[in-house]
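*Asks:* One structure, as structure tokens, below. Some questions next.
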Amino acid sequence: MKLKFLLTTILVSVILTGCGQSEEASSGDVDIKELVNDYSTDEITEGSASITSEKLIIQDQDGQEKIYDLPEDEFFVSIAPFVNQTHPCTNHSLTGCQGEMVEETFDVYIENQDGEVIVDKEMKTFKNGFFDLWLPREQTYNVTVKHDGKIAEQKISTYEPDGTCITTMRLS
């Protein structure tokens, strides 16, 4: 009887330990940028995904998490320019954040603190109202976004404590 109780206790412990547990996944097995893009563009619609300055966190429908390290030399940032509506955000939810300006085209210009141009191109927001960028880490940037005669300018940085979700660029 004691043996049966002991085995049942161990089995229940193993099952409970497995529920909702995070798993550190090997980034070498996965193209992180492609995976992030697939969530941003709704190529993957099951589960949820969010991204910090260091990690991509994916949670499947059963609550299991996989955590991937981001590239050491690149920083992910997602920008949602707006005119009327925005939301506070620090770390971007690839599957939950919603920006105002869906599938709109913007002129995006970014230069680093030394005046070197990093981005100078048209970018279109996804269905979530954001466009994504991978920028060199540990730098400060001047970002200019233009749309229909309106402009937004903001300084952002890509250091470890910085957020990945920029929802403060109001076009005026």
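*Asks:* Scan segment 124-158 for residues that are closer than 22 Å to S40 by Cα, in contact with a strand residue (DSSP E or B) (Cβ under 9 Å, 6 or more places away or on another chain) and either modelled with pLDDT under 95 or surrounded by fewer than 16 Cβ atoms within 10 Å (Cβ to Cβ) (or both) and report the count.
*Replies:* So the count comes out to 2.
*Asks:* Can you tell me how many residues in segment 32-62 are part of a loop (DSSP other than H, G, I, E, B) and either within 19 Å of Q98 (Cβ to Cβ) or at pLDDT 95 or above (or both)?
*Replies:* Number of matching residues: 10.
*Asks:* Which residues, counting only those in segment 141-158, are of a type outside the set (A, V, I, L, M, F, W, C), in contact with a Lys or Arg (Cβ under 8 Å, 6 or more places away or on another chain) and touching a residue at least 60 places away in the same chain (Cβ under 8 Å)?
*Replies:* T158
*Asks:* For segment 31-75, enumerate the residues that are surrounded by 14 or more Cβ atoms within 10 Å (Cβ to Cβ), farther than 12 Å from L94 by Cα and without any contact (Cβ under 8 Å) to a residue 60 or more places away in the chain.
*Replies:* Correct list: I32, K55, Q64, E65, K66, I67, Y68, D69, L70.
*Asks:* Separate question: Select from segment 83-125 the residues that are under 13 Å from the mean Cα position of the chain (by Cα) and assigned to a loop (DSSP other than H, G, I, E, B) and list them in ascending order.
*Replies:* C89, T90, N91, L94, T95, G96, C97, Q98
*Asks:* Starting from residues that are in contact with a strand residue (DSSP E or B) (Cβ under 6 Å, 6 or more places away or on another chain) and among the polar types (S, T, N, Q), keep the ones in segment 92-123 and report whichever is farthest from T140 (Cα to Cα).
*Replies:* T95
The values are calculated or read from the model by the stated rules, or taken from the named source; none is laboratory data. Note that the structure is a prediction, hence the values are computed from the model and not measured. Cβ coordinates were reconstructed from backbone atoms using ideal geometry, including for glycine residues, and neighbour counts include every protein chain displayed.
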